[in-house]
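Working notes, beginning with the structure itself.
Any read-out appearing in this document is the output of simple, stated calculations on the displayed coordinates, not a laboratory observation. Everything numeric in this text was worked out from a predicted model, so none of it was measured.
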Amino acid sequence: MAEKLKSTKSKKQTGVAAPVLQSLIGVCNGHKTDMDAARGELGAAVKKAEDVHGVHRRAFNDCRKLSRMEDAARADYLRAFDDYRAKLELNPPPDLFETAGDGDEEKRRAEQAAKAKADDEVVERNSKALRGGIQQLAH
């Protein structure tokens with residue numbers, strides 16, 4: 001408990017002694033320094049994951065917050081978030097690469113497969129002809 005100041009006068013004064021306050025400030029500053037170092041290490045780890053693995057920083061931080069929630073609170077939050085997203089039309093536009101499969105890419109792959117099949121047929125015909133042996137040309 002905090003030590004109260006002793007009055008040297010006849011008037012009674014109360015409060016926390018200066019050494020107690022100074023000690024508390026020292027402890028708080030030490031913890032703040034430790035917290036700042038931990039925040040720096042956390043930021044560096046997330047930055048490395050961003051650079052190396054392509055982690056989306058804000059999405060990851062949101063997931064960290066969600067992982068600390070109780071199940072019921074998380075379910076309630078996600079239900080409301082999805083509802084708000086739909087009402088505010090915040091859903092992402094279709095991915096250009098996903099829709100490309102319906103057009104040019106699918107056509108290109110089909111043509112590539114057809115060409116490969118035709119090439120395989122030519123190779124097979126040539127292989128059969130060579131199995132019969134090479135014949136001399138007549139002069």
key: Three semi-axes of the equivalent ellipsoid, the stretch 18-107, Cα gyration tensor, whole Å, largest first   = 44, 21, 10
remark   = Phi-derived 3J(HN,Hα) across the stretch 15-22 with the Karplus relation (6.51, -1.76, 1.60, θ = phi - 60°), rounded Hz, x for Gly and Pro, is x, 8, 5, 4, x, 5, 4, 5
